[in-house]
Each structure stands twice: as C-alpha cells, then as structure tokens.
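Novice: There's a structure below that I have some questions on.
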Amino acid sequence: MQFAIEVIGWAAAALMLSAYVLLTMGRLNAHSHLYHWLNILSGAGFVLNSGWNGAYPSASINVVWVAIGLYGVLGRTQSNSRP
C-alpha cells in the first residue's frame, strides 16, 4: 500500500508540473477545463499522499487547491450559463 501511495504522490507532482509547464508555454489556457482537471487530479493525489504520510498542512492546502479547481470547472460553467 505504501508503494501505491508513493506512486500517487509522484504522479500528482508530474500532473501539477505538467499543468504549469503547459500553461507557461501557452499550450493551455488558464480557463481551460484541461488545466483545471490537471490541478484537481494533482491536488487530490497530494491530499491522499500527504494525508497518508501525516503531512496535514499539505493535505489541507491541497483540499483548497482541489476546491479552486472544481470551481474553475463547475462554478464558472454555471455562472457563464446565466443570461
């Protein structure tokens, strides 16, 4: 189980770095769903990894990170659909 948690943590780091690199290179837009989903998935991976390892401040900030990403995907979509 520990190995799986470590893999999830490293995958989360790769996703987060990928999102940032793609944004910086102009390959992704900060408003794109893909950018937000990369951040949501990476944040969720860090929540799992940090929580398992007892790093609760990191787990907590990543819960907020996921919430911001979900707002980016769901909240803006709802506010954009209003007349």
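The values are calculated or read from the model by the stated rules, or taken from the named source; none is laboratory data. Treat the numbers as computed from the prediction; the structure is a model and nothing was measured. All Cβ positions, glycine included, derive from the backbone under ideal geometry; neighbour counts span all protein chains shown.
Novice: List every residue pair whose Cβ atoms sit under 8 Å apart, with the two residues 6 or more apart in sequence or on different chains, where the first one lies in region 40-61 and is closer than 11 Å to I8 by Cα and the second, anywhere, is buried (at least 17 other Cβ atoms within 10 Å of the Cβ) and at pLDDT below 95.
Specialist: none
Novice: Right, here's the next one. Just give me the residues in region 1-12 being surrounded by 14 or more Cβ atoms within 10 Å (Cβ to Cβ) and either within 11 Å of the chain's Cα centre (by Cα) or small (G, A, S) (or both), in sequence order.
Specialist: Answer for region 1-12, where residues must be surrounded by 14 or more Cβ atoms within 10 Å (Cβ to Cβ) and either within 11 Å of the chain's Cα centre (by Cα) or small (G, A, S) (or both): G9, A11, A12.
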